[in-house]
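Let me begin by presenting the structure, written as structure tokens, before commenting on it.
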Amino acid sequence: RRVVIIGGGAGGPSTAAEAGRRDPSLAITMIEKGEYISYAACPMPYYIGDVIKDEKKLIARTPEKFREGGVDVRTGVEAENVDLAAQVVTLVGGEALPFDVLVLATGTRPILPGIPGEDREGVFTLKQLPDAVGIKQFIRESRCRTAIIVGAGFIGMEMCEAFREAGVETTVVNRGSMPVPRWDPELGQLVVKSLLDHQIRMMADTTIQAIEKGETCRLRLITDQGKIEADVILLAIGVRPSVGLAGEMGLALGKTGAVAVDFSQKTSHPAVYAVGDCCEAYHRVSRRWVHIPLGDIANKQGRVAGCNIGGFPTIFPGIVGAQAFKLFDLEIAATGLDEREALAAGFHPVSNLVWGDVVPLSVPGTTRLGLKLIADEATGLFLGAQAIGPHGAVSRINTLSAALWSGLSIDEVAYLDLAYSPPFSRAWDLIHIAAQDLMKKMVRRPPR
Ligand code: FAD
């Protein structure tokens, strides 16, 4: 059987590797319009900040390695059109690739604001490895001193640190009042403080209008709150799933606009799979199909599709929305639903936010952690969590992700058996304290 995979980022290579392992007789071709395949996009901010010196360190597997494994990898090649009836992919330039199985792993593309001057030299988006290489080179070669980051999502935040590491003075311009809106504003205050502590300027509630040639610096950003100048501008206002080919093929798209798939990663056409950022995933807490474009999900979906294509029926059991990032000395993590998502999913959310020490006060060097929990008032079901602090936020969110995965109630979370030892935690961990505190706010229910 001939398998054609469109897209060589994370999901495509994961599919190719697994399908080839499961069934070495498959004739697998992976096409990628860019020059790199199988690279980690997630560490790109650390590469730009020069914590990672060499871009080659971001590449997981080279085309040569894939070719040794029997996968025909073609880079610099774009799929232009798919004829589903004839089962043929046509490449830009006219070459036809017939397939028995097609995999869409086309990822996302960055949203552009659509303002005059957004295509000027020195204005970047950060999506693929060449973007990261281009930004790093530009900063170095143009002796860039100042940067503006438009957008305060997790990539914008990671890039604040990267620019600081590279010695570039940075201003964040954000349309909303708080950065990282997934996190409660009270936790977001810690993010704002961290930015200010590291001399990052923050312009909130600001709408960008145009980018012009600057006077003191290369570029000038016009906003409804005034003008600012910088040598480089990064547009980090979000991504959309790349579904052009899927749409033209007539594949079903979900409500999110990403490709609709089933639990085996099959699309609405039996010969076509989709994996990664271009498709939806099943959220085990909201019980809805969502679009959460993250690398770990792409890798897992790719493996599941590869198993199925290789004759080893497998399901992708879904996600709970776990996510983390680092900002200077803060760990910032969340999982499950926030109140707005919980309401939309038909729950009756009740929440609390507790602040506490990670380890006993008697242990020198303890740090404070903010932990927010959300539960369903009607059923007691635990729904989501957010945490921020210098230590222990990610490990607690990972623990709570496992609780969400298993469908625990908030009273079960309140008595979870967690390892306790003073250098790491308290006998009543912040997880227990927050869950017990939240239970007090809730109507008492009979034991399950
Ligand atoms: P991509 O990696 O986007 O790959 C899709 C590929 O398809 C692209 O290379 C594209 O060129 C190719 N393509 C598209 N159309 C065609 C066509 N017609 N023909 C040929 N090729 C085509 N995720 C996390 O989980 N944790 C993190 O900490 C994290 N940090 C991130 C930091 C940054 C700066 C960025 C940009 C992303 C980060 N992500 C993170 C997200 C993660 O990188 C993505 O979820 C992951 O790359 C998705 O993999 P994918 O294969 O679905 O899509």
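Rule-based calculations on the coordinates, nothing more; no lab input. Treat the numbers as computed from the prediction; the structure is a model and nothing was measured. As a convention, Cβ positions derive from the backbone with ideal geometry for all residues, glycine included, and neighbour counts pool all protein chains shown.
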Which of the residues that make up the range 299-342 are aromatic (Phe, Trp, Tyr) and under 26 Å from residue 106 (Cβ atoms)?
-> 312, 316, 325
Tell me, which helices (runs of 4 or more DSSP H) wholly within the range 149-263 include 2 or more residues that are under 30 Å from residue 31 (Cα atoms)?
-> 154-165, 244-249
So is residue 324 of a type outside the set (D, E, K, R), part of a strand (DSSP E or B), within 12 Å of the ligand (Cβ to nearest atom) and surrounded by 20 or more Cβ atoms within 10 Å (Cβ to Cβ) or not?
-> no
Answer residue from the range 94-114, given it is within 25 Å of the chain's Cα centre (by Cα) and more than 16 Å from the ligand (Cβ to nearest atom) and is farthest from residue 292 (Cα to Cα) among those | 114
When the range 13-47 is checked residue by residue, the ones that are within 9 Å of the ligand (Cβ to nearest atom), part of a helix (DSSP H, G or I) and either closer than 16 Å to residue 134 by Cα or hydrophobic (A, V, I, L, M, F, W, C) (or both) are 44, 45
Single unsatisfied condition, residue 344 versus (1) in contact with a strand residue (DSSP E or B) (Cβ under 6 Å, 6 or more places away or on another chain); (2) away from the ligand (no atom under 11 Å from the Cβ) | (1)
Per-region count, the range 348-396, residues more than 15 Å from residue 410 (Cα to Cα) and in a loop (DSSP other than H, G, I, E, B) | 13
Of all residues making up the range 62-85, the number that are more than 13 Å from the ligand (Cβ to nearest atom) and assigned to a loop (DSSP other than H, G, I, E, B) = 5
Scan the range 416-431 and report the pairs whose first residue is free of Cβ contacts under 8 Å to residues at least 12 places away in the same chain and whose second residue is charged (D, E, K, R), with Cβ atoms within less than 9 Å and a gap of 6+ or a chain change.
-> 420/426; 420/429
When you scan the range 165-216, how many residues do you find that are more than 16 Å from the ligand (Cβ to nearest atom) and more than 30 Å from residue 373 (Cβ to Cβ)?
-> 19
Any chance residue 297 is assigned to a loop (DSSP other than H, G, I, E, B) and either under 30 Å from residue 160 (Cβ atoms) or among the charged types (D, E, K, R) (or both) = no
Candidates 61, 67, 143, filtered to the one that is within 30 Å of residue 329 (Cα to Cα) and of a type outside the set (A, V, I, L, M, F, W, C) | 143
State the number of residues belonging to the range 272-302 that are more than 26 Å from residue 342 (Cβ to Cβ) and more than 12 Å from the ligand (Cβ to nearest atom).
-> 2
From the option list 71, 51, single residue qualifying as more than 25 Å from residue 241 (Cα to Cα), in contact with a helix residue (DSSP H, G or I) (Cβ under 9 Å, 6 or more places away or on another chain) and crowded, with 20+ Cβ neighbours inside 10 Å is 71
Spot the failing condition for residue 119; the list is (1) within 11 Å of the ligand (Cβ to nearest atom); (2) assigned to a loop (DSSP other than H, G, I, E, B), and only one is missed.
-> (1)
